[in-house]
Amino acid sequence: MSSQSFADLGVSAAVCGALKQRGITAPFAIQKLVVGDVLAGRDVLAKSPTGSGKTLAFGVPMVDLIKAEGARPSGLILAPTRELATQIVNELYPIAHARALKVCAVYGGAGINKQAREAPKSHIIVATPGRLEDLLARGAFSLDRVRILVLDEADRMLDMGFRPPIDRIVAQCPAKRQTLFFSATLDGDAGRVALEYTNDPVTREHAPPPRPAHEMEHRFVGVEHDHRVKQLVRELRADRERALVFVRTKHGADRLVKRLAKEGVDAVAMHGNKTQGQRERALASFTSGKVDTLVATDVAARGIDVTGISHVINFDPPADREGYVHRTGRTARAGRTGIGITFVGAGEAPDVERIARALKLEREFAVTGLAGTRAPRAAKKGSAKPRHQDSGRAPKLVHSAGGRRRGR
């Protein structure tokens, strides 16, 4: 099974050749599980995390099933964010080109008139729900000849409130179609919606094995907010590849980029207040390596799938276990090593310790010296202190054992 090729799965010679030109010869686990079912015409429910190779799991067979001389659009892929839509198009373009198929992205924040011209000419449309509805309302094209419908990161689309537009979009697709539902979870709403949209689906689940300790290192650093920029600069000057830095707010992302610039560290910010052009330029700079530090909010980072991220740094800690897993999951991919670093202040320690405990990282958290810290009591009226200010003592900086500190 480990030596199985795309050709063994039934993929055409043209697509196999296009994959080989990109250095892709052996399918990933989720691709082995799904490609054959899709080529056989089955509806599929696939549970697979971001970064597991799911784009090609649905993209490769989709390209093989759609004919260049067929109706346009024949394929529709729904994605939660414009960044993910753009990445899907970029990943599918070489294999679609090998089959003389045209693929286009449809999302908000870009010129709608150009998209209205390009989409009707395309065999496959990759769209965010809002902009797709705008174009359908204009009568730019219809979905009545869509043969294959894909919902990528469906759970996130539901979390972002896209259920009503997705219902309306699905209703405009032919009842007789093939539906592929990809989600990080098939529990709760996601599972119920998946069954509503599909017909006698086969369920495939890919749960990657736990990462060995040598692949993923977790560190928690005890540092109060006023001193985090200096600590971040130290981390960024260590021996590393790309670093993804998470902050809580949009304004916080912009402020941090400016403060890093004053320290001589070049970084770009990505958040919802940026224009589409600014977001695309920031992601392009980061992906190409022109800038090796990207500061982002959780929402803006959804759908980002960039190789070569060696460090994920939580400048502001995540809200919960799921947030921590989602953030740190951007590193240590495809057999590479990676490190997740979380800055923790005394006021945040109880919540972060709960996250660490849930992930069996108590030992890593303990070296902060903040284990067992109680949540601060609410200040009496009129005696509130400024945010992030402590009682006058210098904040404690504690580094975890084993942290790599090689200078450049």
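Suppose the chain between S288 and K20 were pulled fully straight at 0.36 nm per residue; how much longer would it get relative to their current alpha carbon spacing? So the chain would gain 94.3 nm between S288 and K20. When peptides 193-203, 93-103 are sorted by average Cβ neighbour count within 10 Å, with the highest value leading, the order is 93-103, 193-203. Taking +1 at the Cβ of each Lys and Arg and -1 at the Cβ of each Asp and Glu, which of H225, T179, A7 sits farthest along the dipole of the chain towards its positive end, judged by Cα position relative to the Cα centre? Towards the positive end, the residue furthest out is H225.
What is the calculated FRET efficiency for A71 to E196, with r their C-beta to C-beta distance and R₀ = 25 Å, to the nearest 0.05? Rounded to the nearest 0.05, the efficiency is 0.50. Can you give the helix-only mean residue ellipticity at 222 nm for the chain, where every DSSP H stretch with n ≥ 4 adds -39500 (n - 2.57) and the sum goes over all residues, rounded to the nearest 500 deg cm²/dmol? Per the formula, -11000 deg cm²/dmol.
Charges at C-beta only: +1 for Lys and Arg, -1 for Asp and Glu. How large is the resulting dipole of the chain about its Cα centre, in Debye rounded to 20? The calculated dipole for the chain is roughly 1260 debye. Distance between the pseudo-spin-label points of T185 and A110 (7 Å out from Cα toward the beta carbon): 3.1 nm.
Compared with the direct C-alpha span, the chain from D320 to R374 gains 17.7 nm at full extension, assuming 0.36 nm per residue. Think of region 13-205 as a dipole: +1 on every Lys or Arg Cβ, -1 on every Asp or Glu Cβ, centred on the Cα centre; then among V60, T203, G191, V60 lies furthest on the positive end.
Say R0 is 41 Å: what FRET efficiency, to the nearest 0.05, do D226 and A137 get from their beta-carbon distance? That gives a FRET efficiency of 0.25.
Dipole magnitude for region 216-366: about 340 debye, using +1 per Lys or Arg Cβ and -1 per Asp or Glu Cβ, origin at the Cα centre.
In region 216-366, the alpha-carbon atoms span a convex hull of 106 Å³ per residue.
Among the GluC sites (Glu not before Pro) in region 250-340, those located in a DSSP loop and surrounded by at most 15 other Cβ atoms within 10 Å of their own Cβ are E263. With a cut-off of 17 Å on the backbone N, the residues of region 115-139 near the modelled label site 7 Å out from R145 along Cα-Cβ are 117-126, 136, 139. Please say if the chain is rounded, prolate or oblate, where rounded means a/c under 1.5 for a ≥ b ≥ c the square roots of the C-alpha gyration tensor eigenvalues, and otherwise the choice is prolate for a/b larger than b/c and oblate otherwise? Taking the square roots of the gyration eigenvalues as a ≥ b ≥ c, the chain is prolate.
Farthest toward the positive end of the dipole of region 216-366, out of S285, L361, M216, is the Cα of S285, where the dipole comes from beta carbon charges about the Cα centre. Arranged from fewest to most other beta-carbon atoms within 10 Å of their beta carbon, S288, S122, S3 become S3, S288, S122. The slack in the chain from R281 to S5, taken as 0.36 nm per residue of separation less the alpha-carbon distance, amounts to 95.8 nm.
Cross-link reach is defined here as a Cα-Cα straight distance under 17 Å, omitting same-chain residues fewer than 8 places apart; for K67 the aspartates and glutamates meeting it are D144.
Values in this text are rule-based calculations from the coordinates and carry no lab data. Keep in mind it's a predicted model, so treat the numbers as computed, not measured. Here Cβ is always computed from backbone atoms with ideal geometry, including for glycine, and neighbour counts include all displayed protein chains.
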